[in-house]
Amino acid sequence: MDREVERLIDAYCEAWCEPDAAARRRLLDHVWATGATYTDPRAQLAGLDALVAHIGKVLADRPGSRVIRTSAVDSHHGLARFAWRVVQADGTMLPEGVDFAELAGDGKLARIVGFFGPVAPPRPG
């Protein structure tokens, strides 16, 4: 596993914990490529401004919450995956999710695709 990719992912997760928009923007500016995209079950957006605003809305709904990485960062060929979990201000942990990342040529994040909760077992039949 590439330590640079791990630091990149950790800085990205730190931005999800930052309630101050200007500080969040500074964190993301170092890791988010120009025109990078973010997709999860509830959002699809492009660019730094949109991600800063989206994280702000999520944090407003869950004041004091934190996103923590709960797995190693697995990476190869400009792609990475990692598990994470939201810890609410009262310590309640939400179900673990997983993000898949694509890296840009400059080493920043070009794309994040996130999934919430555990993967369900296959349906019978």
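The values are calculated or read from the model by the stated rules, or taken from the named source; none is laboratory data. Just so we're clear, the structure is a prediction, and the values are computed from it rather than from any experiment. Positions of Cβ are generated from backbone atoms using ideal geometry, with glycine treated the same way; all protein chains shown enter the neighbour counts. SASA here: full protein model, heavy atoms, side chains in, ligands and nucleic acids out. Shrake-Rupley method; radii C 1.70, N 1.55, O 1.52, S 1.80 Å.
Within region 104-125, the set of residues being open to solvent by 40 Å² or more (accessible area, probe 1.4 Å) and part of a strand (DSSP E or B) comprises ARG111, PHE115. In this structure, THR70 qualifies as touching a Lys or Arg at 6+ places or on another chain (Cβ under 7 Å), among the hydroxyl-bearing types (Ser, Thr, Tyr) and surrounded by fewer than 16 Cβ atoms within 10 Å (Cβ to Cβ). The selection criterion, being closer than 15 Å to VAL113 by Cα, touching a residue at least 40 places away in the same chain (Cβ under 8 Å), surrounded by 12 or more Cβ atoms within 10 Å (Cβ to Cβ) and of a type outside the set (Ser, Thr, Tyr), holds for ALA33.
ALA101 fulfils the conditions (1) in a loop (DSSP other than H, G, I, E, B); (2) modelled with pLDDT of 95 or more; (3) open to solvent by less than 90 Å² (accessible area, probe 1.4 Å) except for a single criterion, (1).
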